[in-house]
Structure formats: C-alpha cells, structure tokens
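Just below is one structure, and these are the notes that go with it.
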Amino acid sequence: MRKKYGKEIWEKALEKAGLDKDMTVIPTQSVSDGIVLGLVNSLCEIKGISLSELADTFGDYWVNVYSQRIYKTFYDEANNAKDFLLKMDSVHRIMTKKRKSLIRIESPNLIKPLLFNNSRIKG
C-alpha cells in the first residue's frame, strides 16, 4: 500500500492508527486484527475511500503483483486451485511454526470444494 499511495500517506495512516511511522511488517510476522483494522480505517479516512475500494486495491496488488513474485514456485507446482491452497497451508504452517492446519478442504465434488478456516486469531 505504501507504493500505491506513497510514503507520506502511508506514514500518516500508520501514525493515525497509533503505530510507529517506520513500522515494517515481514511476511512471517503475526499482526493482530486490531492493528490491521486500525490501519485500514486510517487509510480509508485519509484517502476518502470506502473499505470496499481499499479492499479492491489491496486484492489487486496481492493477486497480480505480490503473489506472482512470492508464490510463483507454488503456482507452478499446483495442478488446480485445491492443490495450491493445500500447498499454501503447509507453507504457512512451516513459516509460522503452527502445528494445526488453518485450512480444511472437503470435496463433495471436483467442481465445488468447500474451504473451512480453522484460524482462531483474535485481535
């Protein structure tokens, strides 16, 4: 989001959310829901945009830029979306040292697998 909105807006949003303007989050770091929501609300207010608009901007970046760089190997190894999600769950468990799977997938048929989030993260 810093690249999208610029350093000045990013730092304002961090400070408005009560965070250090030099805060950096690394991919293996766990960040509470409260911190994320505070930052999201700050960005929306500063930019004068809705939560939906911010979510679309973030989603576009995550899918089309970040994931293409970070997860390319996993995309290449997966034959379908189900395989990819299962692989991502194992990567998450390894990187965060969590023992329990965060995603459970049931496949009543090949067209509509059901995904269940087992996360108990509290803000």
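The values are calculated or read from the model by the stated rules, or taken from the named source; none is laboratory data. These numbers were taken from a predicted model, which means no experiment stands behind them. Positions of Cβ are backbone-derived with ideal geometry, glycine not excepted, and every protein chain shown enters the neighbour counts.
Number of residues in the range 10-30 that are among the acidic types (Asp, Glu) and surrounded by 16 or more Cβ atoms within 10 Å (Cβ to Cβ) equals 1.
Every residue in the range 21-49 that is under 26 Å from residue 92 (Cβ atoms) and not in a helix (DSSP H, G or I), please. 23, 24, 25, 26, 27, 28, 29, 30, 31, 32 - these are the residues of the range 21-49 that are under 26 Å from residue 92 (Cβ atoms) and not in a helix (DSSP H, G or I).
Across the range 106-123, the qualifying residues are those that are surrounded by 10 or more Cβ atoms within 10 Å (Cβ to Cβ) and at pLDDT below 65, and the one among them that is nearest to residue 39 (Cα to Cα) is 123.
The residue pairs whose first member lies in the range 66-77 and is under 12 Å from residue 91 (Cβ atoms), whose second member is surrounded by 11 or more Cβ atoms within 10 Å (Cβ to Cβ) and of a type outside the set (Phe, Trp, Tyr), and whose beta carbons are closer than 7 Å, counting only pairs six or more residues apart or on different chains, are 74/87; 74/88; 74/91; 77/87. The set of residues in the range 76-105 that are touching a Phe, Trp or Tyr at 6+ places or on another chain (Cβ under 8 Å) and modelled with pLDDT under 75 comprises 88, 91, 103, 104, 105. Residue check: residue 6 meets all listed conditions (1) without any contact (Cβ under 8 Å) to a residue 12 or more places away in the chain; (2) surrounded by 15 or more Cβ atoms within 10 Å (Cβ to Cβ); (3) not charged (D, E, K, R) but one, namely (2). Kindly establish whether residue 33 is within 22 Å of residue 116 (Cβ to Cβ) and surrounded by fewer than 14 Cβ atoms within 10 Å (Cβ to Cβ). The answer is yes for residue 33.
Applying a threshold of 8 Å to beta carbon distances and a minimum spacing of six or more residues, or different chains, the list of pairs starting in the range 27-53 at a residue that is farther than 14 Å from residue 17 by Cβ and outside the structural domain of residue 92 (by TED's automatic domain parsing) and ending at one that is modelled with pLDDT under 90 and assigned to a loop (DSSP other than H, G, I, E, B) reads 30/121.
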